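The values are calculated or read from the model by the stated rules, or taken from the named source; none is laboratory data. None of the values given here were measured: they were computed from a predicted structure. Here the Cβ is made from the backbone with ideal geometry for all residues, glycine too, and neighbour counts use every protein chain on show. With ligands, DNA and RNA removed, areas are computed over all heavy atoms of the protein, side chains included. Shrake-Rupley method; radii C 1.70, N 1.55, O 1.52, S 1.80 Å.
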Amino acid sequence: MEERGVEDEDAADTVTKMATTGPPPHRKGISYSQPLGKEAAIASSARRNALPLGNKGLDDHHPSNPFLDSSPDALRSLSYPHYHLHSSPPPSFPRHHHSNSVEGLRFAPHHSRHPRLPPSHHHHGLVTAGGSFSKPFSSGGGGSSLSNSDGSLTLERAMSEYGGAPGTLPEFMGSGGDTGIFRVPLRAAMHPGRPPALELRPHPLRETQAGFFLRTIACAQGQLWAGAESGLRVWNLDNVFDGWGAAGPARRGDEESAPFQESCPTSPTMCLAVDAATGLIWSGHKDGKIRSWRIEQPTVQTSPRDGGSAARFREVLSWQAHSRSPVLSMVITSYGEIWSGTEGGVIKAWPWDAIEKSLSLPMEERHMAALLVERAYVDLRSLVTVGGVCNLPAIDVRYMLSDNSRSKVWTAGSLSFALWDARTRDLLKVFGMDGQVETRVEKIEAQPVQDSYGEDEMKIKFVSTSKKEKSGSVSFLQRSRNALMGAAGAVRRVAVKGTLGEDNRRTEALTLAMDGMIWSGCTNGLLIQWDGNGNRLQEVQHHSSSIQCICAFGTRLWVDYVSGIVQVLDLEGNLLGSWVAHSSPVIKMAVGSSYIFTLAHHGGIRGWNLTSPGPLDDILRIELANRELSYTRYENFKILAGTWNVGQERASHDSLMSWLGIAASEVGLVVVGLQEVEMGAGFLAMAAAKETGAVGLRMRVYHRTMCFVNCHFAAHLEAVSRRNADFNHVYQTMAFSRPSVGPQGAAAGATSVQLHRGVNVCTRSCGFLYDSLNKDSLIASYDEARDMVSQRCFDWLRDKDQLRAEMKAGKVFQGMREGQIKFPPTYKFERHRAGLSGYDSSEKKRIPAWCDRILYRDSRSISVAECSLECPVVSSITMYEACMDVTDSDHKPVRCIFSVEIARVDELTRRQEYGEIIASNEKIRSLLEEFREVPETIVSTNNIILQNQDSCILRITNKCEKNKAIFEIICEGQSTIKDGGNSSKLSTRASFGFPLWLEVHPAVGLIKPGQTVEVAVHHEDFYTREEFVDGIPQNWWCEDTRDKEVILLVNIMGSGSTERRSHRIHVCHCSSKTACSDTRSHSKRNQSNHLHRADFAHFGGSSDVAHDLCHMRCP
């Protein structure tokens, strides 16, 4: 068995079981308190043999199983009349058979296997709710009675000799396991508390992810890209329902993942930016490099036979962006520049002209290309630094956001924000989380003055927040003074507020909503809404956990918390829905192919429909639940559990071999708990505890969590109340902390986060407790106990056992089970004295007692239940004994072997079933078609002609009377109109950015049904451009923008899908009316010749356009 890290809650952990169409049929408890009779056994066998098995479909709710009642409300009990020993024996039942396939498990021919019996058939002495064995034990020989006084055979013996699970032990179960926190969490094949998810990458084994943990994700053109510690991965979303094929998975741990491709090894990826215009993905890395990758990758899968190296894709262009620090954040602005942020508040801008020139160079000249880009950066921090003083806080730039609606850029650290003009790179504002302005910046109208130092070549000036100076040239000393005053004010405000309150309100996420509002999330669960100018509008809070990321699309916001919860909000901040998306923090989200994908801290990736929660989820949940049999798999293994109070001694090799050696070779997992360990001698222990207390270990086995707890409770007979209190404290308070994602995980801030409710000891799929009650747990005298031990009358001793009495009363170990004790008391012995004569003979005469115990609890909420996805872990005890020949301690070591059956989900099969349902279900297809509808819109013109510093108003009207329309304006490219009216080839900037001479506001927004939005299209004349070398401006010139033409695409989307339609608008700049007339004619003549780019082809042609309804040009 392989240990796993943090649990990924499967289909129904820690959530109350519900169903979309009412309560599901319950798996009924079955009473076996009556002996088994021959007539009933034969009749039952005949009924099973008569059941048709050949034509069962996956949509049948129940396979042939006599233990499932068709009535969801009626209790069902099967009782059997007596079977007399003088009669012929009952028909021989086949031995219990296990199979990894559902067909072999549920639909095997009746002559080879009887229907799966409830787990109680694995236990010969069946438990009752009252906390006692199903049959009393005789007083002689220490064994249980196998027949009644009338000679009838009990079910215990019938199952042991004629089928079921032979060799298992009777069990005792404590009372009170069906109430309060001791109740076993109900589970289901499909998680009832969240929408059905597309499991793109199920939670991988943690040990397989060393060096490959995922840190971030992004979607581009039907693909999902993930940045990992060792490079990048890409999933083709059109192939997510396919398997790996004969080549197998690229890596161990990704067997059930959808097929993906990997890049060549790189340093850890910190951030990603999508550039659909050039077909590139830009990635920032820990080594300070920025790399680019082609979105269109070959479809060849990596193969483990060659280590995957043959099919790995390589970068297109890379350069050293930051020499000694990582690229913490990166964004592509609305004008096509790449901005990157790193430690210490350093921000660099990379002009598109230099990047475009480098991309055009051949592969053999890529070294020169990288050098060209490296030297072309603009150091934005140095631009706002005067005399060594900078108003930007020297904190890590962890978040960057491009406000394409207003052509601005937001940069943020933990406690402050900075607002920039994307076109001019001017710093507009620095403000704190409370919205209070720390620095306000204005542009100097006069020409920049050359100082003796390069960093003093400024085109901005600082003014204090309390006084606004008149525009004009300001002396260097005055600017320095204003900067110092601003910095001092910021320090003073921090000192007044204190650091504790601010630390709880650190910024952890930042996003732009479709209505142009900016939302930030804090560590205390607070959501803050800002307008585009950095003014704080409102704050809302729906959860107290730390927010990890926020994503916006359409009319919704998705907020993810460190607890793994996802909340869906409207654009006003009202809560629409909430569910547990993962069992660990969601560290990144991305929207693509009508899904919103969530990346969990443990590396799992799930896709949620953009309309969730909604009617689509209900249909999917029912359909997937009906196909449960197709994706259910069963696993069987054994666990050796051992407990030993070594009494502060060092265990000898011979003792360890006697205790564990032979038994360990027969099992798949060995877990040992030691108490009172001498430090250094506990190499086999999962913890050492000399004083009272407990330590726990949690692991994942076949996608199910198991928890092992080693306890050392208070001593002496009279301390029973304290022991009970010790157990309650451990049971209710023990929780596990999540480690970070890798040594330098992207979510390192959550490394010591307390687990959310539902992941402590009481809610695991299976739990085992090793208990050292310490001393005196038999309510008997020393002589009585010694006498009964010598006669091996363990029945009498069990009746005097204090722990069992407390369990029967429901005061401790509620609902937990223990195998029948058939070994002598394990305490107290004189060291190095063998045999039962070794019990304490000193003056204290400690009463022999069973102080060393092993108890467990599995997924069964009732005494009997069939192993299934509703009851995923069912255990039985095949051995429970003490090693009486070990004399190293005053306690004897105890060992117990469990036979465990686990029901798990085959994620690949379930994902394929998910895809088949999406493709074939008519209701789902109808809903998806409805969600894909794009509101009908018209634009006021498809041609705009601008002269110098002209402005034009473009109107976009939503003709739909029902749904809101989302619009986004991008630039498909720019060309130059040559003599004769011909145009040059379109030149596209990164991420469809606008040319620097064109301003479009707002470029993103929402249009309510039946309403119109106005967009200003403005020409900025005589724009001054600069050339930078090593961050220092070298040349200035005024760009001639005459006879330039750009093609704007107005993309229209609905809120339930990523489908879109596009309007195409030609914008021309000319210098005279004659040229304008020629340009207008040219635009009309060539309009049909301009095709959409390939990445927009699937959205269809342009919507209705009101041709020349309004050809407005401001005088």
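Across the protein chains, with a 1.4 Å probe defining accessible surface, the residues T269, T523 rank T523, T269 from largest area downward. Of S340, S323, S545, the order by accessible heavy-atom surface (1.4 Å probe, DNA, RNA and ligands excluded), from most exposed downward, is S323, S545, S340. On a per residue basis, the convex hull of the C-alpha atoms belonging to segment 807-875 measures out at 123 Å³. Computed with every protein chain present, the accessible area of R252 is close to 130 Å² [probe 1.4 Å].
Carbon-plus-sulfur accessible fraction, segment 792-937 (probe radius 1.4 Å, protein heavy atoms only): 44%.
Calculated translational diffusion coefficient of segment 781-838 (25 °C, 0.890 mPa s; Stokes-Einstein with Kirkwood radius over alpha-carbon pairs) equals 190 µm²/s. Radius of gyration (Cα atoms) of segment 553-620, expressed as a multiple of 2.2 N^0.38 Å: 1.05. The Cβ shell under 12 Å around E961 holds other residues with a net charge of +3, Lys and Arg each +1, Asp and Glu each -1.
Compactness of segment 588-736 is given as radius of gyration and Dmax, 23.0, 66 Å, from Cα positions.
By accessible area, using a 1.4 Å probe on protein heavy atoms only, segment 563-721 has 53% of its surface on carbon and sulfur.
For a protection proxy built on the mean count of beta-carbon atoms within 10 angstrom, sort 203-213, 1009-1019 highest first, please.
The densest-packed peptide leads the list: 203-213, 1009-1019.
Entry comment: accessible area of segment 796-835 is 36 Å² per residue, from protein heavy atoms only and a probe of 1.4 Å. For the residues H729, H601, H703, a 1.4 Å probe over the protein chains yields an accessible-area ranking, largest first, of H729, H703, H601.
Over the C-alpha trace of segment 210-253, radius of gyration and Dmax come out as 11.5, 30 angstrom. A 1.4 Å probe, protein heavy atoms only, puts the accessible area of M270 near 60 Å². Taking every alpha-carbon pair in segment 317-447 and binning the separations at 5 Å intervals from zero gives 2, 10, 19, 22, 20, 13, 8, 4, 2, 1, 0 percent. Accessible area of Y335 (1.4 Å probe, protein heavy atoms only, ligands and nucleic acids ignored): about 0 Å².
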